[in-house]
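**Student:** Would you mind keeping the following structure in view while I ask a few things?
The values are calculated or read from the model by the stated rules, or taken from the named source; none is laboratory data. A quick note: this is a predicted structure, and the numbers were derived from the prediction, not measured. Every residue, glycine among them, receives a Cβ derived from its backbone with ideal geometry; neighbour counts consider all protein chains shown.
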Amino acid sequence: MTTSLDRIGQIAIKAHDIDRAIAFYRDVLGMRFLFQAPGMGFFDCSGVRLMLSLPERAEYDHPASILYYRVDEIGRARDDLVQRGVTFESEPHVVHRAADYDLWIGFFRDSEGNPLAIMAEVAQG
């Protein structure tokens, strides 16, 4: 029998100020808050748990990998996030044209300086 790692259960993002980070993800990004534990905050992201946590050791104190949040209408999502105080470092733009859709991506940072992005596959035509 072999083990297959094919489902993500939890993603950790470092934070230096847990309360500030929780407020950003809950109130600015509108993510569903699950619970808070000492030094940690947890959110539901369509079945994947997102954990905000203080770095346990110095080697864990670095920017996170980029999380790309899929949205249906990238222009509306961008406008909603800007209204809530998000500043985009890279406005949503086409990064790839496929046969039947254009891939749009826009980048911003969370309250802790970690890079994040929104993405949408926009049908052509």
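**Student:** Could you list, in sequence order, all residues of the stretch 4-43 that are surrounded by fewer than 10 Cβ atoms within 10 Å (Cβ to Cβ) and of a type in the set (A, V, I, L, M, F, W, C)?
**Tutor:** Answer for the stretch 4-43, where residues must be surrounded by fewer than 10 Cβ atoms within 10 Å (Cβ to Cβ) and of a type in the set (A, V, I, L, M, F, W, C): Leu5, Phe35.
**Student:** A follow-up question, please. Only one of (1) within 18 Å of Phe24 (Cα to Cα); (2) outside the structural domain of Ala15 (by TED's automatic domain parsing); (3) in a strand (DSSP E or B); (4) not β-branched (Val, Ile, Thr) is not met by Phe42, so which one is it?
**Tutor:** If we test Phe42 against (1) within 18 Å of Phe24 (Cα to Cα); (2) outside the structural domain of Ala15 (by TED's automatic domain parsing); (3) in a strand (DSSP E or B); (4) not β-branched (Val, Ile, Thr), just (2) comes out false.
**Student:** Now a separate question. When both residues are 6+ apart or on different chains and their Cβ atoms are under 6 Å apart, which pairs have a first residue that lies in the stretch 38-49 and is farther than 17 Å from Ile18 by Cβ, and a second that is in a loop (DSSP other than H, G, I, E, B) and at pLDDT below 95?
**Tutor:** Val48/Ile8
For (1) over 12 Å from the mean Cα position of the chain (by Cα); (2) exposed (fewer than 11 other Cβ atoms within 10 Å of the Cβ), each residue gets a yes or a no:
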position	(1), (2)
Cys45	no, no
Ser53	yes, no
Arg57	yes, yes
Tyr60	yes, no
Asn114	no, no
Ala120	yes, no
Gly125	yes, yes
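**Student:** Go through (1) in contact with a Leu (Cβ under 7 Å, 6 or more places away or on another chain); (2) modelled with pLDDT of 95 or more for Phe88 and report which single condition fails.
**Tutor:** Going through (1) in contact with a Leu (Cβ under 7 Å, 6 or more places away or on another chain); (2) modelled with pLDDT of 95 or more one by one, Phe88 breaks only (1).
**Student:** Okay, next question. Just name the residue that is farthest from the chain's Cα centre (by Cα) out of those in the stretch 68-90 that are farther than 13 Å from Leu116 by Cβ and surrounded by 13 or more Cβ atoms within 10 Å (Cβ to Cβ).
**Tutor:** For the stretch 68-90, the residue satisfying everything is Gly75.
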